[in-house]
1. Starting from the stretch 103-132, keep only residues that are in contact (Cβ under 8 Å) with a residue 60 or more places away in the chain and part of a helix (DSSP H, G or I), then list their pairs with residues that are among the polar types (S, T, N, Q) and open to solvent by less than 20 Å² (accessible area, probe 1.4 Å) whose Cβ atoms are within a distance under 7 Å, requiring at least 6 positions of separation or different chains.
2. Kindly indicate whether ASP154 is assigned to a loop (DSSP other than H, G, I, E, B), of a type outside the set (Gly, Ala, Ser) and more than 29 Å from ASN7 (Cα to Cα).
3. Only one residue in ALA122, ALA118, ALA132, ALA141 is small (Gly, Ala, Ser) and exposed (fewer than 14 other Cβ atoms within 10 Å of the Cβ). Which one?
4. Does at least one position in the stretch 87-97 carry a residue that is outside any loop (DSSP other than H, G, I, E, B), under 28 Å from THR153 (Cα atoms) and touching a Leu at 6+ places or on another chain (Cβ under 7 Å)?
5. I'd like to know if the stretch 55-63 contains one or more residues that are modelled with pLDDT of 85 or more, open to solvent by less than 30 Å² (accessible area, probe 1.4 Å) and part of a helix (DSSP H, G or I).
6. Which residues, counting only those in the stretch 64-109, are hydroxyl-bearing (Ser, Thr, Tyr) and in contact with an Asp or Glu (Cβ under 6 Å, 6 or more places away or on another chain)?
7. Specify the residue that is farthest from the chain's Cα centre (by Cα); the eligible residues are those in the stretch 144-164 that are open to solvent by less than 80 Å² (accessible area, probe 1.4 Å) and closer than 22 Å to ALA8 by Cβ.
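The values are calculated or read from the model by the stated rules, or taken from the named source; none is laboratory data. None of these values were measured; they are calculated from a predicted model. Because the Cβ atoms are built from the backbone with ideal geometry, glycine has one as well, and the counts that use them run over all protein chains shown. Remember, those area values only see protein heavy atoms, side chains included, never the ligands or the DNA or RNA. Shrake-Rupley method; radii C 1.70, N 1.55, O 1.52, S 1.80 Å.
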Amino acid sequence: MRQRPDNAPAVRQAVDHDLVELLRLRALLFEDLGGDFFNPASADGGWLDALAVVLKEQLTDDSVRVLVVDGADGRLAACGIGTLEQRLPGPHLANGRIGHVVGVVTDPAHRRQGHSRAIMRALQDWFRDREAARVDLYASAEGEPLYRDLGFTDLPDPALYWRP
């Protein structure tokens with residue numbers, strides 16, 4: 001793993017007692033993204049209950065990495081989640097391992113202090129250690145410059161989705 005610069009925030013793996021704060025930050029992420037796609041007016045708080053169950057399971061899952069930065073106020077300053085999926089290998093994906101960054105969010109009181117960059121670098125190290133052939137993410141307009149600076153580029157295909 002890469003050496004952390006002296007002024008970089010300390011990143012650690014999340015544990016069970018971080019769950020309430022992780023839920024707070026994930027809710028903040030969707031509030032910030034806004035719009036009907038990420039935060040539909042019809043949504044109720046039930047998704048937070050489902051998220052709590054899944055996050056608790058994934059904190060110890062080897063294919064998921066939940067990283068956090070502690071704030072001086074006793075709350076989490078930032079979090080980021082990476083997942084690793086085994087897909088079918090192909091000429092463009094030799095081992096079939098694809099990583100996905102599932103939202104990096106920093107509390108507004110702690111922004112512009114390098115927390116997201118530190119989390120992303122730690123996630124990149126984790127993906128590298130697990131030999132991910134590619135790592136995908138969806139960037140907000142605010143986050144895109146950071147991700148491009150860290151080496152992310154446009155996919156050759158358009159990203160589409162479908163909701164059954």
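1. HIS115/THR106
2. The answer is yes for ASP154.
3. Within the list ALA122, ALA118, ALA132, ALA141, the selection yields ALA141.
4. yes
5. yes
6. Across the stretch 64-109, there are no qualifying residues.
7. GLY151
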